[in-house]
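First up is the structure itself, then whatever we jot down about it.
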Amino acid sequence: MFQFTDLTDRFQQHPVGSALARDLFSQEDRALIAMSNDLSTWLHKKALPLWAERGFCADECRFIEGLCEDDQPRALADNRARVQPRQIFAFTSAWLRGWRGMSPELITGSFDWFMSRYRRSDGTFGNIVNAEGVLTDPQFDLYNQSFVLLMFAQMAQFQPAQKALFEAEAVSLLKAIKAKYANPHGGYLSGPAAGGFMEANPHMHLFEAALAWEGIANDNSVWLDLSDEIGTLAIRRMIDPSQGTLGEYFNLDWTPAAGAKGKIVEPGHQFEWAWLLVRWANRCNNPWAKKAALRQYQFGRIHGTSQHGLVMMSVGQDATVIDPTARLWSQTEWLKAAILFAQEPSISGQHDFMSDINSALQAVFAFLNAKENGSWIDRIDPNGHTLDAKAPASSLYHIISAIYELEDALDVLTYHKHF
């Protein structure tokens, strides 16, 4: 799989693969188009059909937590709140691109299953539902709410006739978060599981949801305000000005958490934050945000990749390796960020992002090549060996976002650069 030896045939599948275009394109351009075509074929012909069949419980009309090493469904007692919104995001994204391997009734059914089981009395959503469909862990977690907001944005595009309903649901949820979990120092409390710390990761996904709603809401003022709030908070409080890194844990006043916790830097999150900050910077014409995003990216690229070319889980602010394990999601976020930076005229000359796109693709393939039928492995150890061959369903959200990011950028990265 993913060997790319028949570049000419695969190159010709792309709309720009004409005889004239082939004369203009370099071998690197043609290889990039071939890789994108292969990833798209793998996604639509293997991954999505597999997960629509084995990753979906038709009896209950819900997505499951993941697949075992042999690609059979994992029988788990707990159903995390994040899984349904992320799978709904993935399958609606594919549907909006023309894939029809799952009926819209099943997708909307999974949405209804989620809404009927996880919603709390205050309008927010709980954490875990058991095998009997009972909300056994009703705790608030900001991370989960962020993905519910993103799910609402996707459903608004998937069912445009119901857009007003989904937008009202999203605004209502955001109001509930602000009413009960706003931090006087900025941002929002993560919930009991955070142990009193402010966490960057849920804010990153809240940022993502706000940016998604900005472009589609009938009244996008609330979402513009939210993205401005989080983007500004990241620039002014979360990012270490000396290193350019964005940490994971903070005190209520957004000073870094004491001890080792306050020094943790996840390279995958550096790439993910950078991808979001550049998008926000383009909307509000903020050159400082772009510079901050570039510093994050460069730290992740220089200090966060292993000798095997894989993005590691965590390092310290001084670049000391903390957890050399590599997970699939981090590789996809590297790919997304490299693709976006390669399209930025004010940034692209400062780094060889085209080379990074190829390197990030090879990192992604390391996790996909181990499986032949559309699944993946989750973790690779520091020696390059498979550490966890189980496939979490939640990875599909990262995978599909990266594949479509590459598809959307192909013309800019190849064809248009020649004119």
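The values are calculated or read from the model by the stated rules, or taken from the named source; none is laboratory data. Fair warning: this is a prediction, and the values are worked out from it, not measured in the lab. All Cβ positions, glycine included, derive from the backbone under ideal geometry; neighbour counts span all protein chains shown. Each accessible area value is taken on the protein alone, full model and side chains, heavy atoms only, with ligands, DNA and RNA left out. Shrake-Rupley method; radii C 1.70, N 1.55, O 1.52, S 1.80 Å.
Side notes on the structure shown:
- Within region 324-338, being open to solvent by 10 Å² or more (accessible area, probe 1.4 Å) and either touching a Cys at 6+ places or on another chain (Cβ under 7 Å) or not charged (D, E, K, R) (or both) holds for P324, T325, W329.
- Qualifying positions in region 107-128 - open to solvent by 50 Å² or more (accessible area, probe 1.4 Å) and outside any loop (DSSP other than H, G, I, E, B): D112, S116, R117, R119
- Checked across region 88-97, the condition of being surrounded by fewer than 19 Cβ atoms within 10 Å (Cβ to Cβ) and on the phi < 0 side of the Ramachandran plot holds for at least one residue.
- Selection from region 144-179 of residues that are under 17 Å from M204 (Cα atoms) and of a type in the set (D, E, K, R): K178
- Some residue of region 373-380 being open to solvent by less than 10 Å² (accessible area, probe 1.4 Å) and within 21 Å of A293 (Cβ to Cβ): no
- Residues that are among the polar types (S, T, N, Q), closer than 30 Å to A52 by Cβ and not in a loop (DSSP other than H, G, I, E, B), drawn from region 350-385: Q362
- Selection from region 2-44 of residues that are at pLDDT 55 or above, open to solvent by 40 Å² or more (accessible area, probe 1.4 Å), under 21 Å from A366 (Cβ atoms) and not acidic (D, E): T41
- Enumeration of residues in region 181-210 that are under 23 Å from E169 (Cβ atoms) and either part of a loop (DSSP other than H, G, I, E, B) or among the hydroxyl-bearing types (S, T, Y) (or both): Y181, G187, Y188, L189, S190, G191
- Of the listed requirements (1) open to solvent by 10 Å² or more (accessible area, probe 1.4 Å); (2) at pLDDT 95 or above; (3) of a type in the set (A, V, I, L, M, F, W, C), A131 misses just one: (2).
- The test for being open to solvent by 20 Å² or more (accessible area, probe 1.4 Å) and at pLDDT 95 or above does not hold for M151.
- Region 339-363 - residue that is open to solvent by less than 10 Å² (accessible area, probe 1.4 Å) and of a type in the set (A, V, I, L, M) and, of those, nearest to K290 (Cα to Cα): I347
- Pairs with Cβ under 9 Å, 6+ apart, first in region 283-301 and over 20 Å from A363 (Cβ atoms), second small (G, A, S) and open to solvent by 70 Å² or more (accessible area, probe 1.4 Å): P287/S346; K290/S346
- Test: residue in region 242-257 that is over 30 Å from D323 (Cβ atoms) and out of contact with any Ser or Thr (no Cβ under 6 Å at 6 or more places or on another chain): no
- Contacts under 7 angstrom Cβ, first residue in region 214-226 being over 14 Å from R279 (Cα atoms) and at pLDDT 95 or above, partner surrounded by fewer than 19 Cβ atoms within 10 Å (Cβ to Cβ) and of a type in the set (V, I, T), 6 or more apart: V222/V171
- Residue in region 179-197 that is open to solvent by 10 Å² or more (accessible area, probe 1.4 Å), at pLDDT 95 or above and under 25 Å from S401 (Cβ atoms) present: no
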